[in-house]
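Since the structure comes first, as structure tokens, the remarks are kept for the end.
The values are calculated or read from the model by the stated rules, or taken from the named source; none is laboratory data. Predicted model only: the values in this text are computed from it and were never measured. Positions of Cβ are backbone-derived with ideal geometry, glycine not excepted, and every protein chain shown enters the neighbour counts.
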Amino acid sequence: MPTHMNAKSHLPTVLAFCVLSLILIVMLTMAHTAETARRQASIMMLGTNLGGLIAFLSAALLLFRAAGGASMDALMPLILPLLAGMLMMHYHWSIAVILGALGITLLIRQMTGTPEQRKAPQASGDTPPLKK
């Protein structure tokens, strides 16, 4: 296991942090006037539109992959961005609960392995393998 991370893997996280920090600084330093209300509405519309774009692209990719006969394992990575985009569009508790439950399910599945991996016989015995 490598002890260092590739610098390219951190680039999207660093860029997202910089953009969010800039938005936060702008919001904190603005005077509370009618201009502030317009800027806040613009930022909310940007988030809503960005969430709609993310949800649309995820749904389109899901549709194309499902039409191509992809397995559920190949479709699963696109469900999280779909739900996250929907949550950005509409702040409703049910989408957040589904997103959290799906995340927990994926973590448990990663720790225990797939049903095929658990059913496969091992050379050392009948205990199911744990994914590390």
Review point. Given the conditions (1) over 17 Å from M88 (Cβ atoms); (2) modelled with pLDDT of 80 or more; (3) part of a helix (DSSP H, G or I); (4) among the hydrophobic types (A, V, I, L, M, F, W, C), and given that A70 satisfies all but one, which numbered condition is not satisfied?
Key: (3)
**Study point:** Candidates M76, M45, filtered to the one that is under 19 Å from V19 (Cα atoms) and in a helix (DSSP H, G or I)
**Key:** M45
Exercise for review: Assess whether G51 counts as being in contact with a Phe, Trp or Tyr (Cβ under 9 Å, 6 or more places away or on another chain), within 22 Å of V19 (Cα to Cα) and surrounded by 16 or more Cβ atoms within 10 Å (Cβ to Cβ).
Suggested key: no
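Would you please name the residue that is modelled with the lowest pLDDT, looking only at residues in the stretch 18-43 that are surrounded by 11 or more Cβ atoms within 10 Å (Cβ to Cβ) and within 17 Å of M88 (Cβ to Cβ)?
I23
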**Study point:** Residue that is nearest to G85 (Cα to Cα), among those in the stretch 54-72 that are of a type outside the set (A, V, I, L, M) and either surrounded by 14 or more Cβ atoms within 10 Å (Cβ to Cβ) or in contact (Cβ under 8 Å) with a residue 60 or more places away in the chain (or both)
**Key:** S58
Review point. Among the residues of the stretch 7-17, is there at least one that is surrounded by 10 or more Cβ atoms within 10 Å (Cβ to Cβ), modelled with pLDDT under 75 and not polar (S, T, N, Q)?
Key: yes
